[in-house]
Amino acid sequence: MKLLISTFSAIAVAVPTWAQVGPNIDELAKELSNPGAANATLNFKLEYRTFDGDLPDAEDQDSITATFQPVLPFVLGNGNNLIFRPAFSYIFGQPVASASGFSDKSRFGDVPYDLLYSWSNNGWTFGAGVVGAIPTGSGISSDNWLLGPSFLAVKPTDWGIWGLFPFHNEKVGGSGDDTSVTSLQYFLIFSLNDGWQIGTGPTITYDWNADSDNDWTVPFGVQVAKTTAIGNQIVKLNAGIEKNVVAPDDFASDWKFTVSFSPVIGNPFQPNPPSPPVDAATRAAVLAPIR
């Protein structure tokens, strides 16, 4: 918790000294909030969780998760995007329930990922792809290989951006318990001035294999983000808080506090993306003087 407070304090102190990045910073901030846009970032995230439930001492448990998630968009020849997002995490003090009570384990977590094909149409960004997870075999791993479909619909507006990202994870291999979980991330982000944003973006989940007391997880939260420059480096910073207003009765995360630091980079695996195809109107304008 001390580490979380220190990180928030560092952000608060540093904000007034950061350089501005020009009049298009609000549009860039909006693009960085769009999961289907072609912006490569390196996301460093720190999460502090508290827990609750009917198990003895459930409310006394907490954990810290450090996550690194690169976002690697590949621009295709038709102007659409193929975006790969793996996430690598280390969990400090993960509570594990047993007959003798809770114990804490610090281990690498499983590696979730998503691969999304996205395109634009009439002001919308749409996407379709797959999500999954690779087991690490650690003491907190699910020991399952997961795979399932995903979809995306995002609408940028004058005031910000909103959208839906439904996806499903199904066990396709491994030695763990059967897994069948449907999730829906909804996000609503309002643009402020100078790269500031405020909004929400939690993920609702439904566990098809759980009983009626433990199937739904419904969080609600708020996050504040700032897109700016530190020297010549464009970065996005985010701080958020979430509360699970509906959660499994036995044992589940209760509150989550998050801070993240996301430098914007070029995709090192595609240093020279293809130029977007020229639309008919632009082609006609170019050819008009020749004709």
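The values are calculated or read from the model by the stated rules, or taken from the named source; none is laboratory data. Because the structure is a prediction, the values reported are computed rather than measured. Ideal geometry is used to build each Cβ from the backbone, glycine not excepted, and the neighbour counts take in all protein chains shown. Note: accessible area is taken over every heavy atom of the protein model, side chains too, but ligands, DNA and RNA are not part of it. Shrake-Rupley method; radii C 1.70, N 1.55, O 1.52, S 1.80 Å.
Any residue in segment 184-191 that is of a type outside the set (S, T, N, Q), without any contact (Cβ under 8 Å) to a residue 40 or more places away in the chain and more than 30 Å from Glu27 (Cβ to Cβ)? The answer is no; no qualifying residue exists. When Asp52 is tested against (1) modelled with pLDDT under 95; (2) among the acidic types (Asp, Glu); (3) farther than 29 Å from Val154 by Cβ, only condition (1) is not met. Residues considered: Val154, Val181. Of these, the only one that is among the aliphatic types (A, V, I, L, M), touching a Ser or Thr at 6+ places or on another chain (Cβ under 8 Å), modelled with pLDDT of 95 or more and buried (at least 20 other Cβ atoms within 10 Å of the Cβ) is Val154.
Restricting attention to segment 108-152, which residues are of a type in the set (S, T, N, Q) and over 21 Å from Phe74 (Cα atoms)?
Passing the criteria: Asn122, Thr136, Ser138, Ser141, Ser142, Asn144.
The set of residues in segment 66-95 that are over 21 Å from the mean Cα position of the chain (by Cα) and open to solvent by less than 40 Å² (accessible area, probe 1.4 Å) comprises Gly79, Gly93, Pro95. For segment 96-133, a residue qualifies if it is under 21 Å from the mean Cα position of the chain (by Cα), surrounded by fewer than 16 Cβ atoms within 10 Å (Cβ to Cβ) and within 30 Å of Asp54 (Cα to Cα), and the qualifying residues are Phe108, Val111.
Remark: Pro56 matches the filter, which requires a residue to be open to solvent by 20 Å² or more (accessible area, probe 1.4 Å), more than 30 Å from Ser191 (Cβ to Cβ) and in contact (Cβ under 8 Å) with a residue 12 or more places away in the chain.
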